[in-house]
Amino acid sequence: MDAFYASVEQRDDPALRGRPVVVAWKGARSVVCAASYEARQFGVRSAMPAMRAERLCPEAVFVPPDFVRYRAVSKQVRAILLQHTELVEPLSLDEAYLDVTENKLGLSSATEVAQAIRAAIRDQTQLTASAGVAPNKFLAKIASDWRKPDGLFVVRPHEVEAFLAPLLVGRIPGVGKVMEGRLAELGVTTVGGLAEVSLAELERRFGSYGRRLYELARGIDERAVTPNQPTQSISAEDTFEADLPLEDLAPHIERLAEKTWSAAAREKTRFGRTVVLKLKTADFRVLTRSLTPAAPPASAVELTRIALDLRDRVLLPAHTRYRLVGVGLGNFEDGGTIAPQAELFR
């Protein structure tokens with residue numbers, strides 16, 4: 001979906017159409033959830049601090065996020081996708097992979113399927129979507145961004161090498177600024193340049209990720225589209241209005257543990273074994289502490305107790321202040337593997 005949250009806001013409020021819209025709470029600690037294409041022209045991007053977005057685009061209209069509405073539209077879109085194939089792997093509310101090797105309507109090509117889906121989304125939601133059509137997930141993901149907004153881009157099998165070669169290595173998943181720098185030390189700045197580096201050299205420098213780089217540089221991605229992937233983790237976090245010392249975090253940890261527990265209860269037959277506490281300091285240093293007890297937490301009270309114990313394992317200087325705290329459950333397993341906790345969520 002194109003600038004999904006912002007586009008929903010513009011659809012539902014005609015006064016916002018054509019204006020730079022930033023979906024975010026205003027305030028020193030808020031971050032941008034989404035930005036309309038009008039706002040993006042000023043350099044506003046998702047995950048940017050809201051105050052910076054306001055400086056970049058003083059004329060921006062700030063709209064607080066309404067996730068209930070966004071989820072409802074996402075459900076509409078998901079229903080359209082499922083009319084064409086059951087092999088739909090959601091990545092988020094606004095993005096999914098589809099395997100249309102076989103499609104329910106018997107359309108003659110993947111391109112035709114993409115065109116039909118985009119037309120249905122426009123007709124039923126009055127929103128636009130962009131699509132990438134390619135032989136695998138890696139290539140389709142890149143292609144989906146190629147002609148945004150409201151675009152369609154196709155990479156056919158015989159075009160893969162020519163498509164990839166000129167791209168900067170930063171387009172490869174997992175290649176951030178640090179990895180870009182390490183590849184630049186090898187004289188590699190483009191995917192075509194990366195394809196010239198031997199597998200042995202990449203594995204020597206980057207371990208198992210070196211093999212992944214070797215494959216992606218050649219357009220190789222064997223990952224299947226897997227619908228209904230089981231939950232691996234659930235968490236809740238909060239950014240404070242003002243930085244807090246460690247000893248003042250207890251009520252926030254208790255509240256977030258309750259929220260995480262309520263979300264985990266919806267899983268019914270799957271249970272999180274690992275408790276995770278996440279902290280972010282005033283200078284943006286991120287810390288995590290985790291514990292996998294012999295049995296999964298059996299209540300919100302127990303989850304809270306473990307999270308508070310994890311807080312006591314943070315040994316930074318007493319004057320350290322924290323801007324964010326989060327509580328999570330990870331390492332989810334099916335109930336059958338942890339029979340003693342079968343009554344956990346009843």
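The values are calculated or read from the model by the stated rules, or taken from the named source; none is laboratory data. All values derive from a computational prediction rather than experimental measurement. Here the Cβ positions follow ideal geometry from the backbone for every residue, glycine too, while neighbour counts run over all protein chains shown.
Number of residues in the range 147-183 that are in a loop (DSSP other than H, G, I, E, B) and farther than 19 Å from Arg218 by Cβ equals 6. When the range 66-88 is filtered for residues that are out of contact with any Lys or Arg (no Cβ under 8 Å at 6 or more places or on another chain) and surrounded by 18 or more Cβ atoms within 10 Å (Cβ to Cβ), the ones remaining, listed by number, are Tyr70, Val73, Ser74, Val77, Ile80, Leu81, Leu87. Only one of the numbered conditions (1) small (Gly, Ala, Ser); (2) on the phi < 0 side of the Ramachandran plot; (3) within 23 Å of the chain's Cα centre (by Cα) is violated by Gly43, and that is (2). Applying the condition of being among the basic types (Lys, Arg) and not in a helix (DSSP H, G or I) to the range 1-48 and asking which residue is nearest to Ile80 (Cα to Cα) yields Arg17.
At least 2 residues being more than 28 Å from Ala143 (Cβ to Cβ) and in contact (Cβ under 8 Å) with a residue 40 or more places away in the chain is the threshold, and among the strands (runs of 3 or more DSSP E) wholly inside the range 59-98 those reaching it are 61-63.
Can you tell me which residue in the range 189-229 is modelled with the lowest pLDDT, limited to those that are polar (S, T, N, Q) and not in a helix (DSSP H, G or I)? Looking at the filtered set, the residue picked out is Gln229.
In the set Leu105, Leu186, only one residue is farther than 27 Å from Arg71 by Cα and outside any helix (DSSP H, G or I); that residue is Leu186. Tallying residues that are under 25 Å from Val31 (Cβ atoms) and part of a loop (DSSP other than H, G, I, E, B) within the range 241-290 yields 5. Would you check if there is a residue in the range 147-159 being of a type in the set (A, V, I, L, M, F, W, C) and closer than 27 Å to Arg11 by Cβ? Yes: one or more hits.
Just to verify a result, which residue in the range 126-144, among those that are without any contact (Cβ under 8 Å) to a residue 60 or more places away in the chain and out of contact with any Gly (no Cβ under 7 Å at 6 or more places or on another chain), is nearest to Ala35 (Cα to Cα)?
Of the residues in the range 126-144, the ones without any contact (Cβ under 8 Å) to a residue 60 or more places away in the chain are 131-134, 140-144.
Now narrow it down to the ones that are out of contact with any Gly (no Cβ under 7 Å at 6 or more places or on another chain): 131-134.
On the way: Ala131: 19, Gly132: 21, Val133: 25, Ala134: 27 Å.
Step by step, filter the range 126-144, then rank; the result is Ala131.
Could you count how many residues in the range 10-19 are without any contact (Cβ under 8 Å) to a residue 60 or more places away in the chain and closer than 23 Å to Arg147 by Cβ? Final tally of qualifying residues: 3.
The selection criterion, being assigned to a helix (DSSP H, G or I) and surrounded by 14 or more Cβ atoms within 10 Å (Cβ to Cβ), holds for Leu303.
So for the range 101-111 (the condition being more than 19 Å from Glu215 (Cβ to Cβ) and surrounded by 18 or more Cβ atoms within 10 Å (Cβ to Cβ)), does at least one residue qualify? So that I can check it myself, show each step before the final result.
So in the range 101-111, the residues more than 19 Å from Glu215 (Cβ to Cβ) come out as 101-111.
Of the ones still in play, those that are also surrounded by 18 or more Cβ atoms within 10 Å (Cβ to Cβ) are 103, 110.
For the range 101-111, residues more than 19 Å from Glu215 (Cβ to Cβ) and surrounded by 18 or more Cβ atoms within 10 Å (Cβ to Cβ): present.
Scanning for something outside the structural domain of Ser30 (by TED's automatic domain parsing), of a type in the set (Val, Ile, Thr) and in a helix (DSSP H, G or I), does the range 319-327 turn up at least one residue? Checked against the condition, which is being outside the structural domain of Ser30 (by TED's automatic domain parsing), of a type in the set (Val, Ile, Thr) and in a helix (DSSP H, G or I), the range 319-327 yields no hits at all.
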